[in-house]
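Visitor: Below is a structure I'd like to ask you about.
The values are calculated or read from the model by the stated rules, or taken from the named source; none is laboratory data. Everything quoted here is computed from the prediction, not taken from an experiment. Note that we place each Cβ from the backbone using ideal geometry, even for glycine, and neighbour counts take in every protein chain shown. Ligands, DNA and RNA are excluded from the accessible area calculation, which covers all protein heavy atoms including side chains. Shrake-Rupley method; radii C 1.70, N 1.55, O 1.52, S 1.80 Å.
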Amino acid sequence: MAKWVDVAPKAELRPGMWRSVDVDGIRVAVFNLDGAFFAIEDVCTHDGGILTGGAVEGDVIICPRHGARFSIRTGEVLAPPAYEDVAAFPVRVEGDRVQVRETPSD
């Protein structure tokens, strides 16, 4: 059975905000995009730097180091210099808590 990890109270993760958490040794960024929650591994597949801190344009995050772009919804790489997707993780709201599953989506 998959383990779920608390990210934050839902009220603290308002639309347009994100939170980075450690999920079993993996840094995962959880985003609120217009009331819907998404989570991706917080690492650029180009050089291993963190993605959070980069600009968010709609549902795309831009790596602050070299400008690679990733879909926040799916983890898909959208622009070089990265060529590999990042892992996407399931997110749920349980009571008033936003939670992320410790294993990526299939």
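Visitor: Would you point out which residue out of 41, 94 is out of contact with any His (no Cβ under 6 Å at 6 or more places or on another chain), within 17 Å of residue 13 (Cα to Cα), acidic (Asp, Glu) and at pLDDT 95 or above? Reasoning before the result, please.
Guide: Numbers: 41 fails: within 17 Å of residue 13 (Cα to Cα).
Exactly one of 41, 94 is out of contact with any His (no Cβ under 6 Å at 6 or more places or on another chain), within 17 Å of residue 13 (Cα to Cα), acidic (Asp, Glu) and at pLDDT 95 or above, namely 94.
Visitor: OK, next. For region 38-62, give me the residue count where each residue is in a loop (DSSP other than H, G, I, E, B), open to solvent by less than 20 Å² (accessible area, probe 1.4 Å) and touching an Asp or Glu at 6+ places or on another chain (Cβ under 6 Å). Working first, answer last.
Guide: Going through region 38-62, the residues in a loop (DSSP other than H, G, I, E, B) turn out to be 42-51, 53, 55, 58-59.
Imposing the further condition that a residue be open to solvent by less than 20 Å² (accessible area, probe 1.4 Å) reduces the set to 42, 44, 49, 51.
From the residues that got through so far, the ones that are touching an Asp or Glu at 6+ places or on another chain (Cβ under 6 Å) too are 51.
Residues that pass the stated criteria total 1.
Visitor: Would you mind stating whether residue 74 is within 11 Å of the chain's Cα centre (by Cα), open to solvent by 70 Å² or more (accessible area, probe 1.4 Å) and among the β-branched types (Val, Ile, Thr)? Before you say what the answer is, go through the steps one by one.
Guide: On the way: within 11 Å of the chain's Cα centre (by Cα): yes; open to solvent by 70 Å² or more (accessible area, probe 1.4 Å): yes; among the β-branched types (Val, Ile, Thr): yes.
For residue 74, the condition - within 11 Å of the chain's Cα centre (by Cα), open to solvent by 70 Å² or more (accessible area, probe 1.4 Å) and among the β-branched types (Val, Ile, Thr) - is met.
Visitor: Can you find a residue that is of a type outside the set (Gly, Ala, Ser), without any contact (Cβ under 8 Å) to a residue 60 or more places away in the chain and assigned to a strand (DSSP E or B) anywhere in region 80-96?
Guide: Scanning region 80-96 turns up no residue that is of a type outside the set (Gly, Ala, Ser), without any contact (Cβ under 8 Å) to a residue 60 or more places away in the chain and assigned to a strand (DSSP E or B).
Visitor: Of all residues in region 66-79, which are part of a loop (DSSP other than H, G, I, E, B) and farther than 22 Å from residue 25 by Cα? Spell out the reasoning first.
Guide: Of all residues in region 66-79, those part of a loop (DSSP other than H, G, I, E, B) come to 66-68, 72-76.
Passing the criteria: 66, 67, 68.
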